[in-house]
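The values are calculated or read from the model by the stated rules, or taken from the named source; none is laboratory data. The model shown is predicted, which means the values in this text are computed figures rather than measured ones. Here the Cβ is made from the backbone with ideal geometry for all residues, glycine too, and neighbour counts use every protein chain on show.
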Amino acid sequence: MWTGASEACLSHDTALEAWGFTDINPDRIHVSVARKRRLRRAGGESYVIHYEDLAPQQVTWWQGIRIVTVPTAIAQGIASGVPTYLIRQALDRAGRTSILPTVRREELTAELEACDGRT
């Protein structure tokens, strides 16, 4: 990856798009690196760098590239303000598979509703 950081992985909007559970179409590539990491590389105009310490269980592989898991991508989307309809779409589509367990789907739905000001 462009960052050169061994822990770097696709995340946020890019991970949501890569997993294919939502119709999101990010205009830049979202990558997460460790909080302690400081990048000083040219050519980063196409990237959004997120500084976040991810647990090993939050990261997996997709087509040979490190990427956050579906539940992590959805949680990041909620926290970063991805439009609600796209998050609901991801919850619905991923929730029909074993990749997003029911308990985690319910937790993420509650997070989304709290962010929306709903009870």
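Only residues that are in a helix (DSSP H, G or I) and either surrounded by fewer than 20 Cβ atoms within 10 Å (Cβ to Cβ) or touching a residue at least 60 places away in the same chain (Cβ under 8 Å) (or both): list them for segment 52-70, please. Residues satisfying the conditions are 56, 57, 58.
Here segment 80-104 is the region considered, the condition is being part of a helix (DSSP H, G or I) and without any contact (Cβ under 8 Å) to a residue 24 or more places away in the chain, and the residue that is surrounded by the most Cβ atoms within 10 Å (Cβ to Cβ) is 91.
Among all residues of segment 20-33, there is none that is aromatic (Phe, Trp, Tyr) and either outside any loop (DSSP other than H, G, I, E, B) or at pLDDT below 95 (or both).
Of the residues in segment 51-67, at least one is under 21 Å from residue 7 (Cα atoms) and among the acidic types (Asp, Glu).
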